[in-house]
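Engineer: The structure follows.
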Amino acid sequence: MNLRLISNPPNPWHSAYREWIDAPPPEAQLEIYEEQAKTVLSENDSPDVGFRFSLNPYRGCFHACAYCYARPTHQYWDFGAGTDFERKIIVKTNAPEKLREAFMKKSWQGELVVFSGNTDCYQPLEVPYTLTRRCLEVCREFRNPVGLITKSALIRRDIDVLAALARDARAVVHMSIAFADDAMARKIEPNAPSPSTRFAAIRALTDAGIPVGVGIAPIIP
């Protein structure tokens, strides 16, 4: 396991100014591991998955959604599938460079790349690391189509890049919203932005000409 644990201040968000859209989540004892990934594009051939290539700049997710199907993947790193998933997060610091390498290969056919599938590419660590934005800038340079799945209003930061991709190649965003009620969402998605802020992000994205869909899953009575 080629991971490097980096030190954190008592408050992991104290190193830079943060303005929370919603109330900040409870302070977490977050452990951040930095990884030099060998590759960043994951390929699948499942008929049940609507895309071939995906990109996950991070492993684990701070949003801490109780229902997350990706939790068992954390056990591959000898971490737990429970709270380790949102407390021990791996950062692929070289993701933009590895994406560029993949696009430079003669075998690359310019297929759709979906962010992320196994984590949220706009979880809070994206603020200091900017891996998702820099990967999108690589996609824009190569005019490679992208799809994004997220719960985060942070995506509004990258409207300029996404609008350019939507205009010059193809870009579509799917905002995951399982609840209409903010209070209910907070119980099951404790660190994710509230549904109301996600609806506001959808408005901002569509106003910028970026196609947006809504992923209503899971369905919880």
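The values are calculated or read from the model by the stated rules, or taken from the named source; none is laboratory data. Since this is a predicted model, take the numbers as computed values, not measurements. We place every Cβ from the backbone using ideal geometry, glycine too, and count neighbours over all the protein chains shown.
Engineer: So, in segment 200-217, how many residues would count as being surrounded by fewer than 20 Cβ atoms within 10 Å (Cβ to Cβ), modelled with pLDDT of 95 or more and not in a helix (DSSP H, G or I)?
Structural biologist: Selection size over segment 200-217: 6.
Engineer: Could you grab me the full set of residues in segment 39-64 that are part of a strand (DSSP E or B) and touching a residue at least 60 places away in the same chain (Cβ under 8 Å)?
Structural biologist: Once the filter is applied, which keeps residues that are part of a strand (DSSP E or B) and touching a residue at least 60 places away in the same chain (Cβ under 8 Å), segment 39-64 yields Leu41, Ser42, Phe53, Ser54, Leu55, Tyr58, Arg59.
Engineer: Scan segment 163-183 for residues that are touching a Leu at 6+ places or on another chain (Cβ under 9 Å), aliphatic (A, V, I, L, M) and touching a residue at least 40 places away in the same chain (Cβ under 8 Å) and jot them down.
Structural biologist: Answer for segment 163-183, where residues must be touching a Leu at 6+ places or on another chain (Cβ under 9 Å), aliphatic (A, V, I, L, M) and touching a residue at least 40 places away in the same chain (Cβ under 8 Å): Ala163, Ala171, Val172, Val173, Met175.
Engineer: Follow-up. Take segment 65-87 and flag every residue that is assigned to a loop (DSSP other than H, G, I, E, B), buried (at least 21 other Cβ atoms within 10 Å of the Cβ) and in contact (Cβ under 8 Å) with a residue 60 or more places away in the chain.
Structural biologist: If the condition is that a residue be assigned to a loop (DSSP other than H, G, I, E, B), buried (at least 21 other Cβ atoms within 10 Å of the Cβ) and in contact (Cβ under 8 Å) with a residue 60 or more places away in the chain, then Cys65 is the only one that fits.
Engineer: Do we find that Ile90 is outside any helix (DSSP H, G or I), farther than 18 Å from Gly215 by Cα and within 15 Å of the chain's Cα centre (by Cα) in this structure?
Structural biologist: Here the answer is yes, as Ile90 does meet what is asked.
Engineer: Within segment 107-180, which helices (runs of 4 or more DSSP H) (wholly inside it) include 1 or more residues that are surrounded by 21 or more Cβ atoms within 10 Å (Cβ to Cβ) and not acidic (Asp, Glu)?
Structural biologist: Because the criterion is at least 1 residues that are surrounded by 21 or more Cβ atoms within 10 Å (Cβ to Cβ) and not acidic (Asp, Glu), the helices (runs of 4 or more DSSP H) in segment 107-180 that meet it are 131-142, 159-168.
Engineer: Related question: Exactly one of (1) over 24 Å from Pro72 (Cα atoms); (2) part of a helix (DSSP H, G or I); (3) β-branched (Val, Ile, Thr); (4) in contact with a strand residue (DSSP E or B) (Cβ under 7 Å, 6 or more places away or on another chain) is unmet by Thr197. Its number?
Structural biologist: Of the numbered conditions (1) over 24 Å from Pro72 (Cα atoms); (2) part of a helix (DSSP H, G or I); (3) β-branched (Val, Ile, Thr); (4) in contact with a strand residue (DSSP E or B) (Cβ under 7 Å, 6 or more places away or on another chain), the odd one out for Thr197 is (4).
Engineer: Still on this model: Restricting to segment 184-199, what's the tally of residues that are in contact with a Pro (Cβ under 7 Å, 6 or more places away or on another chain) and either buried (at least 17 other Cβ atoms within 10 Å of the Cβ) or within 14 Å of Ile155 (Cβ to Cβ) (or both)?
Structural biologist: 2
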